[in-house]
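The values are calculated or read from the model by the stated rules, or taken from the named source; none is laboratory data. These figures come from a predicted structure and were not determined experimentally. So basically every Cβ, Gly included, is an ideal-geometry build from the backbone, and we count neighbours across all protein chains shown.
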Amino acid sequence: MTKYPFFKKIIHSFYNKDVYIHAGKVELNRIGFRYLLLLLAVFWIPEIIKVHVSILKFINVELPVFVEKLPVVEIHDGVASFDKPSPYILKDENGKDAVIFDDSGEYTSLENTEAQMLVTDSKLIYIKDKFETREYDFSKISNFSLTHEKILSWASWGNFLSIFLYLFIVPCMFLYRAVQALLYSLVGLIFQAILKTNFSYQAVYRLTILAITPAFVINKLLGYFDIDFTGWSFLCMAISLGYLFFGMKATRDANVVQPAEPGTTMPVENNPGMF
């Protein structure tokens, strides 16, 4: 029987029944976790690259322009001062007041303002949400300065943010897709009754992981180009279950799994390993 390396398996999962038969007949000692993990690791790379490009654009183009508008903040013995005349009001992209810097005493609260944050000579006041406003007192700060150079140096760590995101997202998505395959496999047991097959649950699960490949690949491609439409999630589920039915039927028709004798229990595959 033809071997199906990783990338060939992805392509053939769209149309070739033999790749599903291969999963049912040859991969008896596998669950499919290795394939699923590699699938996620590969297809999340373009998305992370896209995020990384956006982060670099923000750090190198947008952030320096914004930082130049900020006053330098100096705090000595709990008293803050700014290098711009007070009150200094920083506006957002819509022209609305966003942050007020005032060490003159003209502003003492955010009442009757549209700003979301106020920095006075003694405290920081900000609106957490529509129900709560919080304050942070500077009295415990003996010496601190917030300069443009310091902000930009902190932002340079953003160059590595996409790496941390990738290392976080792939394991999380692996758990999500593994559980999704588990739930779809339960539907596969219904298909088993319809098709009058006698697959082990491990075989159904392995076929399910392969069956979710086409919808997953299409979803990642659409997501990369920011294409979305109502009902797509439901359609993805329908596509995946359709391929699962297709794969189970193809495997049955190929006589991969022989019908069980009356009174026998469901077969358990030999040496079921994690991968």
Counted residues, the stretch 154-167 - those being at pLDDT below 90 and either not hydrophobic (A, V, I, L, M, F, W, C) or not in a helix (DSSP H, G or I) (or both):
3
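Take LEU186 and tell me if it is farther than 18 Å from MET173 by Cα, of a type outside the set (Lys, Arg) and in contact (Cβ under 8 Å) with a residue 40 or more places away in the chain. Even if it seems obvious, please write down each step before you answer.
On the way: farther than 18 Å from MET173 by Cα: yes; of a type outside the set (Lys, Arg): yes; in contact (Cβ under 8 Å) with a residue 40 or more places away in the chain: no.
Judged against the criteria, LEU186 is not a match.
Would you mention how many residues in the stretch 77-95 are farther than 23 Å from LEU152 by Cβ and either at pLDDT 90 or above or surrounded by 15 or more Cβ atoms within 10 Å (Cβ to Cβ) (or both)? I'd like the intermediate steps shown before the answer.
Going residue by residue through the stretch 77-95, those that are farther than 23 Å from LEU152 by Cβ are 77-79, 85-87, 94-95.
Those left that are additionally either at pLDDT 90 or above or surrounded by 15 or more Cβ atoms within 10 Å (Cβ to Cβ) (or both): 77-79, 85-87.
So the answer is 6.
Counting only residues that are buried (at least 22 other Cβ atoms within 10 Å of the Cβ) and not polar (S, T, N, Q), how many does the stretch 201-215 have? Even if it seems obvious, please write down each step before you answer.
If we filter the stretch 201-215 for residues that are buried (at least 22 other Cβ atoms within 10 Å of the Cβ), which is where we start, we get 203-204, 206-213.
Pick out the ones that are also not polar (S, T, N, Q) and you get 203-204, 206-207, 209-212.
Final tally of qualifying residues: 8.
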Of those in the stretch 216-250 that are touching a residue at least 24 places away in the same chain (Cβ under 8 Å) and under 17 Å from the mean Cα position of the chain (by Cα), the residue surrounded by the most Cβ atoms within 10 Å (Cβ to Cβ) is PHE216
GLU106 fails exactly one of the following numbered conditions: (1) exposed (fewer than 12 other Cβ atoms within 10 Å of the Cβ); (2) within 28 Å of PHE58 (Cα to Cα). What is the number of that condition?
(2)
Give me the pairs: first residue in the stretch 34-49 and charged (D, E, K, R), second residue surrounded by fewer than 20 Cβ atoms within 10 Å (Cβ to Cβ) and not in a helix (DSSP H, G or I), beta-carbon distance under 9 Å, and six or more apart or on different chains, which are they?
ARG34/MET274; ARG34/PHE275
Return a yes/no flag: does the stretch 138-157 have any residue that is surrounded by fewer than 11 Cβ atoms within 10 Å (Cβ to Cβ), without any contact (Cβ under 8 Å) to a residue 24 or more places away in the chain and aromatic (Phe, Trp, Tyr).
yes
Mind checking which residues of the stretch 170-224 are out of contact with any Gly (no Cβ under 6 Å at 6 or more places or on another chain) and either among the basic types (Lys, Arg) or outside the structural domain of ILE10 (by TED's automatic domain parsing) (or both)?
ARG177, LYS196, LYS220
Flag if PHE191 is crowded, with 18+ Cβ neighbours inside 10 Å and either touching a helix residue (DSSP H, G or I) at 6+ places or on another chain (Cβ under 6 Å) or in contact (Cβ under 8 Å) with a residue 12 or more places away in the chain (or both)
yes
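Determine whether PHE43 is out of contact with any His (no Cβ under 9 Å at 6 or more places or on another chain), at pLDDT below 90 and aromatic (Phe, Trp, Tyr). It would help to see each step written out before you state the result.
Values: out of contact with any His (no Cβ under 9 Å at 6 or more places or on another chain): yes; at pLDDT below 90: no; aromatic (Phe, Trp, Tyr): yes.
Criteria not met by PHE43.
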